[in-house]
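The values are calculated or read from the model by the stated rules, or taken from the named source; none is laboratory data. Everything quoted here is computed from the prediction, not taken from an experiment. When we count neighbours, we look across all protein chains shown, and the Cβ atoms used for this are built from the backbone with ideal geometry, even at glycine. Heavy atoms of the whole protein, side chains included, go into the accessibility calculation; ligands, DNA and RNA do not. Shrake-Rupley method; radii C 1.70, N 1.55, O 1.52, S 1.80 Å.
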Amino acid sequence: QVQLVESGGGLVQAGGSLRLSCAASGSIFSINAMGWFRQAPGKQRELVATITSGATTVYADSVKGRFTISRDNAKNTVYLQMNSLKPEDTAVYYCRSDVALNDNNNYFRYWGQGTQVTVSS
């Protein structure tokens, strides 16, 4: 099976920065898209940013210019650098990866357990 382990969340003041990491491990043949999503209390989970194996990125409008997604394919790890944080960025952040377990080109979607990010005003 595949496990995604996130780290880097915490409490930060508005205007501060945090860097999230998510490492995938297990029976991995290849990874296609990797991404970050977030869910605030009482709200639906929403996309923050995604990145393909070819490094094509997509960002939510609310984080463009402040957040940067990147990945290290050799380490099966995706990162989210978050700058100029705002109180409205407070949420549980989840990573997601589309993983192939062998060379049959079938990808399965996995989620991490989530890491809390709290931005104080």
Note to self: So if I check each of Thr50, Thr68, which one is open to solvent by 50 Å² or more (accessible area, probe 1.4 Å), among the hydroxyl-bearing types (Ser, Thr, Tyr) and part of a strand (DSSP E or B)?
What the structure shows: Thr68
Next item on the list: Could you list all residues from the stretch 28-51 that are hydroxyl-bearing (Ser, Thr, Tyr) and in contact with a Lys or Arg (Cβ under 9 Å, 6 or more places away or on another chain)?
Entry: Thr50
Next item on the list: State whether one or more residues within the stretch 96-118 are modelled with pLDDT of 95 or more, exposed (fewer than 13 other Cβ atoms within 10 Å of the Cβ) and acidic (Asp, Glu).
Entry: no
Margin query: Being part of a loop (DSSP other than H, G, I, E, B), on the phi > 0 side of the Ramachandran plot and loosely packed, with under 14 Cβ neighbours inside 10 Å: is that true of Gly42 here?
Written below: yes
Notebook entry, point to check: Hey, Ser121 hits all of (1) touching a residue at least 24 places away in the same chain (Cβ under 8 Å); (2) farther than 22 Å from Val12 by Cα; (3) out of contact with any strand residue (DSSP E or B) (no Cβ under 7 Å at 6 or more places or on another chain) but one; which does it fall short on?
Noted result: (2)
Item checked: Whichever residue in the stretch 12-28 is open to solvent by 30 Å² or more (accessible area, probe 1.4 Å) and within 13 Å of Tyr110 (Cβ to Cβ) and, among such residues, is farthest from the chain's Cα centre (by Cα) -> Ser27
